[in-house]
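Have a look at the structure below, then the notes.
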Amino acid sequence: MEKIIVKTGIYSFIVSFFLLVAFMKRIESTTDVDGMTSSVITPYPEFFFTIFRYSVITSIIAVTIAIIYLFSMRESE
């Protein structure tokens, strides 16, 4: 049971980190009422800290779901 929880935490962190690096935008563009577009570029340290934070949150959620699933399977036996 402990192996499954640890592997779930590690793999969910790694997968979510890579997916966020691939798909999260660093440059945000906004268009105001007059039609003018402005761009905001997030600095790299803040960008990677945000990705790290979201990966940790995803990992915690995945581990919680795995624990609930394992306990429900144990009770049904």
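Classified by the C-alpha gyration tensor, the chain has a prolate form. Its axis ratio a/c, with a ≥ b ≥ c, is 1.5 or above, and a/b is larger than b/c.
Computed from backbone phi, the HN-Hα couplings of region 55-66 come to 5, 5, 4, 4, 5, 5, 5, 5, 5, 4, 5, 5 Hz, rounded to whole numbers (Karplus: 6.51 cos²θ - 1.76 cosθ + 1.60, θ = phi - 60°; Gly and Pro given as x).
Remark: region 11-20, residue by residue, has Karplus-estimated 3J(HN,Hα) of 5, 5, 5, 5, 5, 5, 4, 5, 5, 5 Hz, where x stands for each Gly or Pro and the curve is 6.51 cos²θ - 1.76 cosθ + 1.60 at θ = phi - 60°. So what J values fall out for region 30-44 if you push phi through Karplus, 6.51 cos²θ - 1.76 cosθ + 1.60 with θ = phi - 60°, rounded to Hz, Gly and Pro as x? Per-residue couplings from phi come out as 10, 10, 8, 4, 6, x, 7, 9, 10, 10, 10, 9, 7, x, 4 Hz. Maximal additional length on extending the PHE71-LEU19 stretch stands at 15.8 nm, based on 0.36 nm per residue less the C-alpha distance. Surface analysis of the chain yields an accessible area of 82 Å² per residue, using protein heavy atoms and a 1.4 Å probe.
Measure off, as a whole percent, the carbon and sulfur share of the 1.4 Å-probe accessible area of the chain, all protein chains present. Taking all protein chains in place, the chain shows 69 percent carbon and sulfur surface.
The values are calculated or read from the model by the stated rules, or taken from the named source; none is laboratory data. Computed from a predicted structure; not experimentally measured. Just the protein is used for accessible areas: all its heavy atoms, side chains included, with ligands, DNA and RNA removed. Shrake-Rupley method; radii C 1.70, N 1.55, O 1.52, S 1.80 Å.
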